[in-house]
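Bear in mind these aren't lab numbers, they're just calculated from the coordinates by the rules spelled out. Values in this document were obtained by computation on a predicted structure and should not be read as measured data. Positions of Cβ are generated from backbone atoms using ideal geometry, with glycine treated the same way; all protein chains shown enter the neighbour counts.
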Amino acid sequence: MNEKDLFKDLMLLTREYHKVQEEMVSNNPASQELDEENYTHSYKWLRFPILDEYPEMQAARIREGLEYFASDALSGILVEGLRSLIAKVGLRGLSIVQDENLFRFCISGSISLTDLQNLCEQYQPDCD
């Protein structure tokens with residue numbers, strides 16, 4: 001498979017991921033994670049903005065023990081890093097998959113062209 005095909009596959013999967021996530025958001029899910037008994041394989045999904053968030057939530061996630069709650073710690077670190085962008089850029093979700101000692105994550109969202117233009121204007125340096 002060549003590079004162009006791989007990019008095309010990734011583009012299609014990104015669209016599919018967004019579609020499935022929007023369906024999940026519209027169903028207002030009660031559960032946001034699946035963990036197997038041994039905690040070495042898990043999937044966690046956080047909806048942005050994070051619902052029912054209390055101010056210490058992310059710090060508490062980061063402090064949780066890595067042995068059993070490593071996905072929580074990673075989600076806390078990523079959310080803290082993204083805090084200023086969540087509302088501005090229209091982030092919708094954070095997915096984390098743990099396979100043994102490797103964590104794969106995907107941060108997703110959407111933004112209209114108009115909102116993107118407004119953000120670009122905010123971030124452009126003053127030329128005066």
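For the chain, calculate the relative contact order in percent as a whole number, restricting contacts to Cα pairs under 8 Å that are 6 or more residues apart.
About 21 percent, as a whole number.
Can you find, among V25, A73, F103, the residue farthest towards the positive end of the dipole of the chain? Put +1 on the C-beta of Lys and Arg, -1 on that of Asp and Glu.
V25
Using just the alpha carbons, could you tell me how many Å³ per residue the convex hull of the chain encloses?
173 Å³
With springs only between Cα atoms under 10 Å apart, run a GNM on the chain and tell me which of F69, F105, F48 wobbles the most.
Of F69, F105, F48, the Gaussian network model singles out F69 as fluctuating most.
With the crude spin-label approximation of a point 7 Å out along Cα→Cβ, what separation in nm comes out for V20 versus E121?
Output for this residue pair reads 3.8 nm.
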